[in-house]
Amino acid sequence: MNDATQRYLPWYGVLFGLIVALDQLTKYCMLMSGTKYILTSFLSLHVQLNRGISWGMFHSENDHFFFFITFLICCFIGGFVHHTFTRYQEGHIIFAEVAVIAGAFSNLFDRFFHAGVVDFIFFSWRQWSFPLFNLADVAIVIGIFFILLEGLREQ
């Protein structure tokens, strides 16, 4: 770890906090409103609990399966946090990794406090529709995109 990477440490905390706060605030507002909002012909907002993984895969009302999936997600997050900390100690800038971790933690919070991830953003166009998602998912996707870009740049 060097002085250049250490100076970013407070900003990692700010990024983490902003992502979690904005995600949880938007989910809270949607849960409290209980309303479906049609914003445009292709964008609407309505709440759905996802008890599976990305895009509702492996969704199950079975509590044992839900807790098993949640346990696997915790293991993945723990491994990714360890990987990120190692990269930080090696002097890498880890904004993308922090975005992924923040999104994952916010969704994990939902699993423990809502028994599923709160998704509410819905895109559709004609007969096509994209699975519901939330701001934490956006942070995860953007973070992974930049991690992949960095990996390509390093090659």
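The numbers here are math on the coordinates, done by the rules we state, and not lab data. Remember, predicted model here, so these are calculated numbers, not experimental data. As a convention, Cβ positions derive from the backbone with ideal geometry for all residues, glycine included, and neighbour counts pool all protein chains shown.
From helices alone, the chain scores -21000 deg cm²/dmol at 222 nm; the rule is -39500 (n - 2.57) for each run of n ≥ 4 DSSP H residues, then divide by the residue total. What's the long-distance tail for the range 1-90, i.e. % of Cα pairs beyond 20 Å? Taking all Cα-Cα pairs of the range 1-90, the fraction more than 20 Å apart is 61 percent. With distances taken between every two different alpha-carbon atoms, the chain has a Kirkwood hydrodynamic radius of 16.8 Å. Once the Cβ-Cβ distance of S41 and F85 is raised to the sixth power relative to R0 = 35 Å, the FRET efficiency obtained is 0.20. 3J(HN,Hα) along the range 8-25: 7, 3, x, 5, 4, x, 4, 4, 4, x, 4, 4, 5, 5, 5, 5, 5, 5 Hz, from the Karplus curve 6.51 cos²θ - 1.76 cosθ + 1.60 with θ = phi - 60°, whole Hz, x for Gly and Pro. Counting only alpha carbon atoms, the long axis of helix 95-114 and the longest principal axis of the chain meet at about 40°. Tell me the angle of helix 135-154 to the major Cα principal axis of the chain, expressed in degrees between 0 and 90 and rounded to the nearest ten. Approximately 40 degrees, to the nearest ten.
Seen against the Cα atoms of the chain and their longest principal axis, helix 63-89 is set at about 30 degrees. Magnitude of the Cβ-charge dipole of the range 23-118, K/R +1 and D/E -1, about the Cα centre, nearest 20 debye? Taking the Cα centre of the range 23-118 as origin, the dipole is about 180 debye. Using the Karplus relation 6.51 cos²θ - 1.76 cosθ + 1.60 with θ = phi - 60°, the per-residue 3J(HN,Hα) values for the range 40-57 come to 9, 5, 10, 10, 9, 10, 7, 7, 8, 8, 9, 9, x, 10, 3, 6, x, 4 Hz, with x marking Gly and Pro.
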